[in-house]
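Data block below; observations after.
The values are calculated or read from the model by the stated rules, or taken from the named source; none is laboratory data. Note that the structure is predicted; figures quoted are calculated from it, not measured. Methodologically, a virtual Cβ is constructed for each residue, glycine included, from the backbone with ideal geometry; neighbour enumeration extends over all protein chains shown. Each accessible area value is taken on the protein alone, full model and side chains, heavy atoms only, with ligands, DNA and RNA left out. Shrake-Rupley method; radii C 1.70, N 1.55, O 1.52, S 1.80 Å.
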2 protein chains.
Amino acid sequence: MYKLVTIGRQLGSGGRELGKRLAEQLGYAYYDSEVITAIAQKTELAESYVKQVVESNPSVNFPITIGHSFSFYPHVGNLNQMTNIYVEQSNIITEMADKSPCIIVGRCADYILRDRHPLRLFVHASPSSRIERCRKKAPENEHLTDKQIWRNIKRVDKQRAKYYMFYTGHKWGDKINYDLCVNTTDVDIKFIADAIIKLIK
Amino acid sequence: MYKLVTIGRQLGSGGRELGKRLAEQLGYAYYDSEVITAIAQKTELAESYVKQVVESNPSVNFPITIGHSFSFYPHVGNLNQMTNIYVEQSNIITEMADKSPCIIVGRCADYILRDRHPLRLFVHASPSSRIERCRKKAPENEHLTDKQIWRNIKRVDKQRAKYYMFYTGHKWGDKINYDLCVNTTDVDIKFIADAIIKLIK
């Protein structure tokens with residue numbers, strides 16, 4: 001039985017949906033990348049927010065207030081600030097993991113929690129499947145071509161790979177860094193979630 | 001429910017053990033790389049052997065007569081012969097898959113059976129874990145250093161990658177070609193088999 005599950009994921013692979021479904025069905029807390037970054041960045045919010053997070057019912061899902069994956073990335077001015085945020089995030093992730101069973105998406109959680117032996121998932125899919133999923137999730141007024149969407153996907157992939165390498169020294173998405181790499185191409189995420197729940201239990 | 005499971009695997013990752021456990025527990029037939037190659041190479045055996053294979057009880061496991069993974073590789077003299085063997089293998093694999101539920105290890109079965117949508121597994125592990133597993137499985141009179149074992153592993157990896165690329169046009173071990181990549185480092189294969197059986201059922 002795994003009490004901690006970390007999810008690395010390619011943009012448009014459905015990793016976040018998988019994480020939410022796992023959390024809902026298992027009654028685990030769910031934290032994703034943006035939530036954790038926001039906590040660490042907005043220090044004025046941090047205390048009360050972290051308190052709420054840490055003391056909350058484990059089954060609570062913290063809502064993401066931003067609409068689309070492309071629109072939010074931390075704009076850190078310098079290395080110090082970036083490192084501070086990383087340290088803050090690491091502390092928050094560790095606290096969360098110690099407090100209750102949880103699913104954590106992104107933010108090198110697999111690496112930060114390595115001594116606690118989480119189930120480390122990496123979720124990926126084919127380019128066409130990722131483009132399709134991004135298109136479905138895009139705001140109504142966004143009209144990008146496949147080529148434009150793919151360019152954005154590649155940019156985000158690159159950012160995530162760089163971030164992961166910087167803080168862990170490992171290659172993002174390299175299967176050796178995960179217990180299970182799950183291909184979501186042409187598969188219903190619900191089906192995958194049901195199957196992985198059997199693994200976790 | 002998956003009736004067909006294909007397993008690609010790194011040498012020393014426990015892929016074959018996993019395949020055998022799955023076959024035993026599910027009551028599926030088990031075919032591995034060497035069995036299939038042997039059928040295709042030894043044409044005088046092929047007819048009766050294939051008949052036996054195709055008509056047999058699905059739960060039969062076909063024994064591997066060779067002792068160690070390093071010691072057997074097809075010595076094909078030319079491209080034609082290699083292609084003939086591949087065609088023979090493909091026919092045999094397709095026949096096997098049509099006849100009864102089965103687990104097939106190696107031989108590009110994932111690609112050959114792609115239209116039948118098997119569960120495509122790739123089994124891998126860290127270098128130290130692979131060296132350790134190879135050492136445990138080596139004949140008693142084999143005394144290789146870690147460096148020598150690793151050199152052999154790399155050689156076999158290279159052969160498998162070349163073979164896979166030649167016949168499928170895809171990169172061997174690239175996670176996008178599999179539904180699930182399973183890391184067996186520091187995990188009991190029995191535990192993994194139990195978990196994957198839950199996925200298959």
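Taking every residue in A:186-197 and counting other chain Cβ atoms within 10 Å of its Cβ, the average works out to 2. If R0 is 35 Å, what FRET efficiency do you get for B:Lys3 and A:Arg135 from their C-beta distance, rounded to 0.05? For B:Lys3 and A:Arg135, the calculated efficiency is 0.55. Under a 5 Å amide H cut-off, with hydrogens placed 1.01 Å from N, B:Val123 pairs with B:Gly8, B:Arg9, B:Gln10, B:Val182 among residues at least 5 apart or on other chains.
Here the Kirkwood formula, the inverse mean of 1/r across different C-alpha pairs, assigns the stretch A:126-201 a hydrodynamic radius of 14.7 Å. Loop-located GluC sites (Glu not before Pro) in the stretch A:115-159 (DSSP state not H, G, I, E or B) with no more than 11 neighbouring Cβ atoms inside 10 Å: A:Glu140. With 0.36 nm allotted per residue and the present C-alpha distance subtracted, the B:Lys147-B:Ser126 stretch has 6.1 nm of extension available. Using a probe of 1.4 Å, the accessible surface attributed to A:His170 totals some 80 Å² when neighbouring protein chains are kept in position. Legend: distances between Cα atoms for A:Lys136/A:Lys158; A:Lys175/B:Lys154; A:Lys198/B:Lys171; pairs beyond 19 Å are A:Lys136/A:Lys158; A:Lys198/B:Lys171.
Residues in the stretch B:138-151 carry Karplus couplings, in order, of 6, x, 4, 7, 9, 10, 9, 7, 4, 5, 5, 4, 5, 4 Hz; the curve used is 6.51 cos²θ - 1.76 cosθ + 1.60 with θ = phi - 60°, and Gly or Pro positions show x. The heavy atoms of A:Met1 present about 140 square angstrom of accessible area, all protein chains included, probe 1.4 Å.
Take A:Arg114, push a point 7 Å out from Cα through the beta-carbon direction, and compare it with the same point in every other copy: 3.6 nm, smallest first. Determine, from the Cβ-Cβ distance of B:Lys158 and A:Glu95 and an R0 of 60 Å, the FRET efficiency 1/(1 + (r/R0)^6), rounded to the nearest 0.05. That pair, B:Lys158 with A:Glu95, gives E of 0.85. Just to verify a number: what accessible area does A:Thr94 come out at with the full protein assembly present, 1.4 Å probe, Å² rounded to tens? Only protein atoms counted, so the area is about 40 Å². The mean sequence separation of alpha-carbon pairs under 8 Å and at least six residues apart, normalised by the residue count of the stretch A:94-191, gives a relative contact order of 40 percent. Ordering B:Arg120, A:Arg116, A:Arg151 by accessible surface, largest first, gives A:Arg151, A:Arg116, B:Arg120; the 1.4 Å probe counts only protein heavy atoms, with every chain in place.
Label zone (A:Arg114, point 7 Å along Cα-to-C-beta; backbone nitrogen cut-off 18 Å) within the stretch B:99-128: B:125-128.
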